[in-house]
2 protein chains.
Amino acid sequence: MSEPAPPTTEPSLDEIVALCKRRGFIFPSSEIYGGVGSTYDYGHYGVLLKNHVKAEWWRAMLAERDDIVALDSAIIQHPKVWEASGHLAGFTDPMVDCKTCKLRFRADQLEDSQCGRKPSKRPGEGPDCELTEAREFNLMFETSVGPVRDSASVAYLRPETAQGIFINFKNVLQFARKKPPFGIAQIGKSFRNEITTGNFIFRTREFEQMEMEFFVPPAEAERWHRHWMDERMRWYTELGIRPDHLRLREHDTDELSHYSSATSDIEYEFPMGFSELEGIANRGDFDLRQHAEHSGEKLEYFDQQSGERYVPYVIEPAAGVDRAVLAFLVDAYDTEEVEGRRRTVLRLHPQLAPVKVAVLPLVSKEGMPERAREVFDSLRRRIAAEYDEGGSIGKRYRRQDEIGTPWGVTVDGQTMADGTVTLRDRDSLEQVRVDAGELGELLAARLEEPWISPKAG
Amino acid sequence: MSEPAPPTTEPSLDEIVALCKRRGFIFPSSEIYGGVGSTYDYGHYGVLLKNHVKAEWWRAMLAERDDIVALDSAIIQHPKVWEASGHLAGFTDPMVDCKTCKLRFRADQLEDSQCGRKPSKRPGEGPDCELTEAREFNLMFETSVGPVRDSASVAYLRPETAQGIFINFKNVLQFARKKPPFGIAQIGKSFRNEITTGNFIFRTREFEQMEMEFFVPPAEAERWHRHWMDERMRWYTELGIRPDHLRLREHDTDELSHYSSATSDIEYEFPMGFSELEGIANRGDFDLRQHAEHSGEKLEYFDQQSGERYVPYVIEPAAGVDRAVLAFLVDAYDTEEVEGRRRTVLRLHPQLAPVKVAVLPLVSKEGMPERAREVFDSLRRRIAAEYDEGGSIGKRYRRQDEIGTPWGVTVDGQTMADGTVTLRDRDSLEQVRVDAGELGELLAARLEEPWISPKAG
């Protein structure tokens, strides 16, 4: 956990939340039943944005390298996994109860909590506060598998995807014919019964992770740790995050998780200050040794060339999908005055934008809708396109700006005469006339070009 | 549930399971701890295949139509959702216990069960059997949210993704500017504490669904029900499933779920017989009415043009990702005699194949590996490619055949002289010489062509 930095002049979290709701990116879950604390559903553009974030991660892990394979392990695994990993004994928060107001607090966050009866005071300082001793509360969600609920049927929802990778280390060695250094990458949901959630989708009980465990010879661990810090920083900046909004922060010794010998967080300057976006840990041989001990299986690598046998060290870049989505939204959010009007625009990297091109007839008559639909149909097979004919052209552009559509194509009177359309750029607002038949090729090429956020300038 | 048809001469489930393990598609979860019943992890090629199946579903739902939007709702929703949906009261199986052997059986499947002491008998027929009365056992996984475990903290893992769609009906009406007929599509995990699991990934407790709820004016429900049966059948056959392995089976009245007025299953001829691949239900207005009643929110549509106000009917094509993966694997599995040797080949649709092209140097010398890597690097940005130089060329081809790679490119002596490579077709085994520089264009075009399984003939 990092200390929040002072707020910036960037968008507030409220502005982001409002845009997400207004445009159907993300909204509170189970809202018709009054909602569930810190649980969100992704709407249409939110799903598309999130899918693009995940696709870019897969691309960086699989398509651009040869040393990583994919995995998708189960959410409900053998309970022994959590015994071996240390989660059953150690994945806890210390909690205290107030017997008077019946509220429960994290013992290590009393300073930042409010007394249930006198919110100006902190717990323990209110006149009637009666706090219990702190007791450890496990953050794993518990459930029961099978028809009988007893100690033998207890199971947990995974609190991280990483362990599913460690327990498959041997399978991958055997079937994917890999040898260290190599990695196993996974995207999937994890669950933590957090007491303190909040900051929109920054910390929720149900969340999606993108984790990769990179197995290396112990002597090379430090070098690979550095490599993955660089690679992951590059991933965010190449997808448009402004470098001055990112920082790499090394954990102090007393912050380190039980499994880690060194961790650096990539922090992003969220509206609530610099906070963890991704952790890059050197987990050493902790996990493989633990699982070897608890399972009785040998989890090691025998190098036939050198005759050496060793337990690989693990470098882990662990990112949150939802946090990445939030960072991309915050970084892209912009407002500006255009011709006397305020416009809100998401300056998303074109690869991340939910819709790449909007096709709009200038007016809903004179054959323009029909012609615009033809243009739309010619584009949609190559590139994610949206057709919109409802309302004034200005209103439709504002809508596309707010969902971050990088290009707008307008079919107007001149289109009917010479077959050209206007192509509008979301960021520069420049409009050029282009032959409708050349649009597909042109936009597909632009989509592949490197991109720098215009907010960076 | 359908009556299993007699087995065919097609691959046995064991052969599929063995291939999946051998090539790292799918293997038992938590294997180093002895496994967890009916839980599987997807390995590298399994993840790629599954991702392609999901991408094709999104393509059919979103890119090829204008009337469906995407959603990704939470797994742990408000408990009232399951009260309203009827799952809390009615999503149960009747169970009986045997007090003698301590086994538990589904009361409606006693005929097919074995007595715990005398397996040749069924429960109740063994000499010492003492069966209890049947009692209802809810199939939802229960957990507890927050630090205190009491009745107020009880929550459930969703048993279907559909309800997350119904409770967001109003949000989508409002923000996605849709009006009936329109659909909301979602892919995500669901959980059912099934007593009887089995047949590999056909029935597991944790599984992934692709569900779409299509909201229509009541008078149009039957027409849309037919439309979606046709569309979904087409989806499977266009992705290579042989039409004679599919059938549409209408549910009898006594089979219908509590919410459904008519359901037809798309059944696939799995190794264990024709079984449900996807259900296409007319859910009527059951769900929206239930949630309106329980939440107090109006869940209806007001048609401004006709002045009509109504609760839409819902047509639901509900598919299982894992079942679809299994069907594609079974349908693609083939063995044949080639030059006196048996080869196993997955004749997957190229769009579904985990790897589209393998690039292989004929031998690991004479500059061929370097030249092959150049060819590989030129291809990988356009198309999922794999480079392999280990072992004999025959062994490498057998490996690619087993993972279903449609094209193989070999760099040989002639490549070094004239820049051509051999392009091998997985199915016909035809080999042609092609200029290496033209491969990318050629394969990208082939990938877009319609495809018919060579097993269909």
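Out of A:E300, A:E336, A:E269, which single residue is over 25 Å from the mean Cα position of the chain (by Cα) and closer than 30 Å to A:S453 by Cβ?
When all the criteria are applied, what remains is A:E336.
Here are B:G37, B:G24, B:G90, B:G43: which of them is at the interface with chain A (Cβ under 10 Å from one of its Cβ atoms) and in contact (Cβ under 8 Å) with a residue 60 or more places away in the chain?
B:G37
Here are the criteria: (1) more than 23 Å from A:L49 (Cβ to Cβ); (2) among the hydroxyl-bearing types (S, T, Y); (3) part of a strand (DSSP E or B). Tell me which single one A:S364 does not satisfy.
Exception for A:S364: condition (3).
For every residue, the table says whether it meets (1) among the charged types (D, E, K, R); (2) within 23 Å of B:A456 (Cα to Cα); (3) touching a Lys or Arg at 6+ places or on another chain (Cβ under 9 Å).
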| residue | (1), (2), (3) |
| --- | --- |
| B:R381 | yes, no, no |
| B:A384 | no, no, yes |
| B:Y387 | no, no, yes |
| B:T405 | no, yes, yes |
| B:D412 | yes, no, no |
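Are there strands (runs of 3 or more DSSP E) fully within the range B:204-323 with at least 1 residues that are within 14 Å of another protein chain (Cβ to nearest Cβ)? List them.
B:206-216
Return the residues of the range B:177-192 that are modelled with pLDDT of 95 or more and within 14 Å of another protein chain (Cβ to nearest Cβ); say none if nothing qualifies.
The answer is B:F182, B:G183, B:I184, B:A185, B:Q186, B:I187, B:G188, B:K189, B:S190, B:F191, B:R192.
Quick one: how many residues across the range B:357-372 are at pLDDT 95 or above and acidic (D, E)?
Matching residues across the range B:357-372 total 1.
Could you grab me the full set of residues in the range A:67-82 that are more than 7 Å from chain B (Cβ to nearest Cβ), within 30 Å of B:D377 (Cα to Cα) and not aliphatic (A, V, I, L, M)?
Once the filter is applied, which keeps residues that are more than 7 Å from chain B (Cβ to nearest Cβ), within 30 Å of B:D377 (Cα to Cα) and not aliphatic (A, V, I, L, M), the range A:67-82 yields only A:D67.
Answer yes if at least one residue in the range B:164-185 is assigned by TED's automatic domain parsing to the domain that holds B:R323, closer than 20 Å to A:E31 by Cβ, surrounded by fewer than 23 Cβ atoms within 10 Å (Cβ to Cβ) and of a type in the set (G, A, S), and no otherwise.
So far as the range B:164-185 goes, yes, one or more of its residues are assigned by TED's automatic domain parsing to the domain that holds B:R323, closer than 20 Å to A:E31 by Cβ, surrounded by fewer than 23 Cβ atoms within 10 Å (Cβ to Cβ) and of a type in the set (G, A, S).
Sort out for me the helices (runs of 4 or more DSSP H) sitting completely within the range A:383-451 that have 2 or more residues that are buried (at least 21 other Cβ atoms within 10 Å of the Cβ).
Filter on the range A:383-451 gives A:393-403, A:439-448.
Scan the range B:159-203 residue by residue and report those that are over 24 Å from B:K50 (Cα atoms), of a type in the set (K, R) and in a loop (DSSP other than H, G, I, E, B).
B:R177, B:K178, B:K179
Listed residues B:G408, B:G391; which is modelled with pLDDT under 95 and more than 24 Å from the chain's Cα centre (by Cα)?
Checking each option against the conditions leaves just B:G391.
Among B:A63, B:A84, which is the only one that is free of Cβ contacts under 8 Å to residues at least 40 places away in the same chain and either within 24 Å of B:A353 (Cα to Cα) or over 22 Å from the mean Cα position of the chain (by Cα) (or both)?
B:A63
Kindly indicate the residue of the range A:46-66 that is of a type in the set (K, R) and over 13 Å from A:G183 (Cβ atoms) and also nearest to the other protein chains (Cβ to nearest Cβ) among those meeting that condition.
Per the stated criteria, the residue is A:K50.
If we keep just the residues of the range A:70-124 that are in a helix (DSSP H, G or I) and of a type in the set (D, E), which is farthest from B:Y42 (Cα to Cα)?
Looking at the filtered set, the residue picked out is A:E111.
Do we have B:M140 as in contact with a helix residue (DSSP H, G or I) (Cβ under 9 Å, 6 or more places away or on another chain), within 12 Å of chain A (Cβ to nearest Cβ) and outside any loop (DSSP other than H, G, I, E, B) here?
Answer is no for this residue.
Which one of these is surrounded by fewer than 19 Cβ atoms within 10 Å (Cβ to Cβ) and farther than 17 Å from A:I195 by Cβ: A:D108, A:D72, A:D66, A:D112?
A:D66
Is it the case, given these coordinates, that B:E10 is farther than 30 Å from A:F25 by Cβ, in contact (Cβ under 8 Å) with a residue 60 or more places away in the chain and not in a helix (DSSP H, G or I)?
yes
I'm checking my understanding of the structure. Among residues of the range A:147-163 that are among the hydrophobic types (A, V, I, L, M, F, W, C) and buried (at least 19 other Cβ atoms within 10 Å of the Cβ), which one is farthest from the other protein chains (Cβ to nearest Cβ)?
A:A162
Which residues, taken from the range B:339-371, are among the basic types (K, R) and within 27 Å of the chain's Cα centre (by Cα)?
B:R343, B:R347, B:K356, listed by residue number.
So which pairs qualify, if the first residue must be in the range B:327-342 and among the polar types (S, T, N, Q), the second must be part of a strand (DSSP E or B) and buried (at least 17 other Cβ atoms within 10 Å of the Cβ), the Cβ gap must be under 7 Å, and the two must be at least 6 apart or on different chains?
Listed pairs, sorted by first residue: B:T335/B:T344.
The values are calculated or read from the model by the stated rules, or taken from the named source; none is laboratory data. Computed from a predicted structure; not experimentally measured. Counting neighbours? That spans all protein chains shown, and the Cβs are built from the backbone with ideal geometry, glycine included.
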